[in-house]
Amino acid sequence: KVIIQMKRETAWKKNYEALWAFVSDNHRGPTRHHIEEMHMLNWLKYNRKMLNKEKLSPERKELILRLKALISSFNRVNQYM
(Lines give C-alpha, C1' and ligand atoms only; values in the text may rest on other atoms or scores of the structure.)
Protein backbone atom coordinates (compact mmCIF):
# COMPACT_ATOMS: atom_id res chain seq x y z
CA LYS A 1 0.00 0.00 0.00
CA VAL A 2 2.87 2.38 0.72
CA ILE A 3 4.36 1.67 -2.70
CA ILE A 4 1.06 2.48 -4.40
CA GLN A 5 0.83 5.74 -2.46
CA MET A 6 4.37 6.65 -3.53
CA LYS A 7 3.51 5.91 -7.18
CA ARG A 8 0.42 8.11 -6.94
CA GLU A 9 2.42 10.93 -5.38
CA THR A 10 5.07 10.61 -8.09
CA ALA A 11 2.44 10.59 -10.84
CA TRP A 12 0.72 13.64 -9.32
CA LYS A 13 4.03 15.56 -9.21
CA LYS A 14 4.83 14.52 -12.79
CA ASN A 15 1.43 15.73 -14.04
CA TYR A 16 1.78 18.98 -12.12
CA GLU A 17 5.24 19.68 -13.52
CA ALA A 18 4.11 18.86 -17.06
CA LEU A 19 1.15 21.20 -16.75
CA TRP A 20 3.30 23.96 -15.24
CA ALA A 21 5.77 23.63 -18.14
CA PHE A 22 2.91 23.68 -20.67
CA VAL A 23 1.40 26.86 -19.22
CA SER A 24 4.81 28.54 -18.97
CA ASP A 25 5.66 27.71 -22.59
CA ASN A 26 2.27 28.44 -24.19
CA HIS A 27 1.05 31.28 -21.92
CA ARG A 28 -2.38 29.64 -21.60
CA GLY A 29 -4.11 26.73 -19.95
CA PRO A 30 -4.92 23.47 -21.73
CA THR A 31 -8.02 23.47 -23.92
CA ARG A 32 -10.57 20.86 -24.93
CA HIS A 33 -10.09 21.77 -28.59
CA HIS A 34 -6.70 20.04 -28.85
CA ILE A 35 -6.71 16.28 -28.32
CA GLU A 36 -3.12 16.21 -27.06
CA GLU A 37 -4.06 18.59 -24.21
CA MET A 38 -7.10 16.66 -22.98
CA HIS A 39 -5.20 14.64 -20.36
CA MET A 40 -3.81 17.80 -18.77
CA LEU A 41 -7.20 19.50 -18.90
CA ASN A 42 -8.96 16.56 -17.24
CA TRP A 43 -6.27 16.35 -14.55
CA LEU A 44 -6.59 20.07 -13.85
CA LYS A 45 -10.40 19.95 -13.74
CA TYR A 46 -10.35 17.00 -11.33
CA ASN A 47 -7.92 18.77 -9.00
CA ARG A 48 -9.98 21.97 -9.09
CA LYS A 49 -13.02 19.90 -8.15
CA MET A 50 -11.13 18.35 -5.22
CA LEU A 51 -9.94 21.82 -4.21
CA ASN A 52 -13.52 23.10 -4.10
CA LYS A 53 -14.57 20.07 -2.03
CA GLU A 54 -11.68 20.72 0.41
CA LYS A 55 -10.28 17.23 -0.25
CA LEU A 56 -6.73 18.20 -1.23
CA SER A 57 -3.81 18.07 1.16
CA PRO A 58 -2.42 21.49 2.16
CA GLU A 59 0.68 20.99 -0.02
CA ARG A 60 -1.34 20.09 -3.10
CA LYS A 61 -3.81 22.89 -2.39
CA GLU A 62 -1.01 25.45 -2.41
CA LEU A 63 0.44 24.06 -5.64
CA ILE A 64 -2.93 24.06 -7.42
CA LEU A 65 -3.59 27.64 -6.29
CA ARG A 66 -0.18 28.70 -7.65
CA LEU A 67 -1.00 27.00 -10.95
CA LYS A 68 -4.42 28.69 -11.13
CA ALA A 69 -2.75 32.06 -10.49
CA LEU A 70 -0.22 31.42 -13.27
CA ILE A 71 -2.96 30.48 -15.75
CA SER A 72 -5.09 33.49 -14.83
CA SER A 73 -2.10 35.81 -15.22
CA PHE A 74 -2.19 35.06 -18.95
CA ASN A 75 -5.93 35.81 -19.32
CA ARG A 76 -6.59 38.65 -21.70
CA VAL A 77 -8.30 41.78 -20.50
CA ASN A 78 -10.68 43.64 -22.79
CA GLN A 79 -8.97 46.90 -23.65
CA TYR A 80 -12.22 48.69 -24.46
CA MET A 81 -13.91 48.39 -21.06
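How large, in percent, is the carbon and sulfur part of the accessible surface of the chain at a probe radius of 1.4 Å?
Carbon and sulfur atoms account for 55 percent of the accessible area of the chain.
Could you size up the charge dipole of the chain around its Cα centre, putting +1 on the beta carbon of Lys and Arg and -1 on that of Asp and Glu, and report it in debye to the nearest 20?
360
Lysine pairs, Cα distance under 21 Å, 8 or more residues apart or cross-chain: how many in the chain?
Summing the qualifying lysine pairs gives 26.
Say a site is exposed when it is one of the chymotrypsin sites (Phe, Trp or Tyr not before Pro), sits in a DSSP loop, and has at most 15 other Cβ atoms within 10 Å; what is then the longest site-free stretch of the chain?
No qualifying site falls inside 1-73, the longest such stretch.
State the percent of C-alpha pairs, over all pairs in the chain, separated by a distance greater than 17 angstrom. Intermediate values should be presented prior to the final figure.
Numbers: 1677 of 3240 pairs.
Summing the P(r) tail past 17 Å for the chain gives 52 percent.
What FRET efficiency would be calculated for the residue pair Asn75, Lys14, taking the C-beta separation as r and a Förster radius of 25 Å, to the nearest 0.05?
0.45
By the scheme Lys and Arg +1, Asp and Glu -1, what is the net charge of all other residues having a beta-carbon under 12 Å from that of Lys1?
+2
Which residue, chosen from Thr31, Met50, Ile71, occupies the Cα position most advanced towards the positive end of the dipole of the chain, where the dipole is computed from +1 (Lys, Arg) and -1 (Asp, Glu) charges on Cβ about the Cα centre?
Among Thr31, Met50, Ile71, the one farthest towards the positive end of the dipole of the chain is Met50.
Show me the GluC sites (Glu not before Pro) within the range 1-79 that DSSP assigns to loop and that have at most 11 other Cβ atoms within 10 Å of their Cβ.
Answer by residue number: Glu54.
Suppose only helical runs count, i.e. DSSP H with n ≥ 4. What mean residue ellipticity at 222 nm does that imply for the chain under -39500 (n - 2.57) per run, divided by all residues and rounded to the nearest 500 deg cm²/dmol?
Helix contribution divided over all residues of the chain: -23500 deg cm²/dmol.
Suppose each label sits 7 Å from its Cα in the direction of the beta carbon; what would the Glu62-His33 distance come out to in nanometres?
So the label points at Glu62 and His33 sit 3.6 nm apart.
Per residue, how much accessible surface does the chain expose to a 1.4 Å probe? Answer in Å², no decimals. The partial results should precede the final answer.
Numbers: 6570 Å² over 81 residues.
With all protein chains present, the chain gives 81 Å² per residue.
Excluding the sites themselves, what is the longest stretch of the chain that contains no trypsin sites (Lys or Arg not before Pro) in a DSSP loop with at most 14 other C-beta atoms within 10 Å?
The longest uninterrupted stretch comes out as 2-27.
The values are calculated or read from the model by the stated rules, or taken from the named source; none is laboratory data. Being a predicted model, the structure only gives us computed values, none of them experimental. Please note: Cβ atoms are built from the backbone with ideal geometry, for glycine as well, and neighbour counts cover all protein chains shown. For accessibility, only protein heavy atoms count, side chains too; no ligands or nucleic acids. Shrake-Rupley method; radii C 1.70, N 1.55, O 1.52, S 1.80 Å.
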